[in-house]
Every structure is written in structure tokens, then in C-alpha cells.
Amino acid sequence: MATKMKGGIVDEQGKMNNFAIEPNIVVEENTRVGFTEYAEKFNGRAAMIGFASLLLLEVFTGHGVIGIFQ
């Protein structure tokens, strides 16, 4: 017969089974999928960084985004 110990179960042969105890399952209440406040803030910040990068590119090179490849 198996005896229960902290962290696992030891069987009759003295071998420890670490996988006998189920892990704790954590469920997040606030998911980060879909149109959430987190997603909207992240998209807005990414758009601001992209727009500022394009402005700096045009200031330093004198060409627009398409004009730099010609």
C-alpha cells in the first residue's frame, strides 16, 4: 500500500511518485484577449511610436517612407 508524504507518494518498494499530487490550477480573472483596456493602450502606444519614428525618418533623411527606397 502506498503511503502519502509531503510532495509525493511512496509505494511499497520505497519509490517516490512525484506526479501523484495534482498541481494547483490558477485561473486569471482578467483575460488579455479581445478589446480590453490593456490591448487598446498597447495598440495606441505602438501607433504613437510608429508615427514618431516616421516623422524622425523624414526629418533626418529628407525623404518620406516611400521615397527612401527610390
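Simple spin-label estimate for Val27 and Ala46 gives 2.9 nm between the two label positions (7 Å along the Cα-to-Cβ direction from each Cα). With a simple spin-label model that places each label point 7 Å from the Cα along the Cα-to-Cβ direction, the separation between Leu54 and Val10 comes to 6.8 nm.
Every number here is computed from the coordinates shown, using simple stated rules; none is lab data. Quick caveat, the model's predicted, so the values are computed rather than measured. FYI the Cβ positions are ideal-geometry reconstructions off the backbone, even for glycines, and counts take in every protein chain you see.
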